[in-house]
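To keep things clear, I will list the structure first and then write my remarks on it.
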Amino acid sequence: MNAVEAIGQAGFAAAIFGGFACWFICVINMFRAVQYRKPGVALFPSWYESPFNILFYPSQLTDRGLAARRWCFYGLCGLISCWIFAAIVGLSTGVANW
């Protein structure tokens, strides 16, 4: 194993760990955004809607709900960027070829 493979393996592992951390941030804040909706906003607006659709209606969230929504989208962007970074490192260094 040369230095490029060792650095690639460390970068790939860091990207996978970062992806799990970003996923965790996204899921926790998704639930927090549902929790911090404004008073009077129904949890289930109709029988076919998910409570998590409130992420797309920021006018129905309190200030704490808006902060949780923002962190949810930060986690989602971090997850996608970690996936892309892991794919680039894995393909360029051959780490992902077992």
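Do we have Ala33 as on the phi < 0 side of the Ramachandran plot and at pLDDT below 95 here? Write out each step before concluding.
Working: on the phi < 0 side of the Ramachandran plot: yes; at pLDDT below 95: no.
Taking the combined requirement at face value, the residue does not satisfy it.
Mind checking which residues of the stretch 1-41 are more than 12 Å from the chain's Cα centre (by Cα), small (Gly, Ala, Ser) and more than 30 Å from Gln60 (Cβ to Cβ)?
Passing the criteria: Ala3, Ala6, Gly8, Ala10, Gly11, Ala13, Ala14, Ala15.
Taking the condition surrounded by fewer than 14 Cβ atoms within 10 Å (Cβ to Cβ), over 12 Å from the mean Cα position of the chain (by Cα) and modelled with pLDDT of 95 or more, does Ile84 pass?
Yes: the conditions hold for Ile84.
Pairs only if they're at least six apart or on different chains, beta carbon under 6 angstrom, first in the stretch 21-32 and of a type in the set (Phe, Trp, Tyr), second surrounded by 18 or more Cβ atoms within 10 Å (Cβ to Cβ) and part of a helix (DSSP H, G or I); list them, first residue then second.
Here the result reads Trp23/Leu79, each pair linking the stretch 21-32 to a residue that is surrounded by 18 or more Cβ atoms within 10 Å (Cβ to Cβ) and part of a helix (DSSP H, G or I).
Is it true that some residue in the stretch 59-69 is hydrophobic (A, V, I, L, M, F, W, C) and touching a Pro at 6+ places or on another chain (Cβ under 7 Å)?
Yes, the stretch 59-69 has at least one match.
Can you tell me which residue in the stretch 15-74 is surrounded by the most Cβ atoms within 10 Å (Cβ to Cβ), limited to those that are closer than 30 Å to Ala96 by Cα and not hydrophobic (A, V, I, L, M, F, W, C)?
So the residue we want is Gly19.
The values are calculated or read from the model by the stated rules, or taken from the named source; none is laboratory data. The shown structure was predicted, so the numbers you read here are calculated from the model rather than taken from an experiment. Using ideal geometry, Cβ is built from the backbone for each residue, glycine included, and neighbour counts are taken over all protein chains shown.
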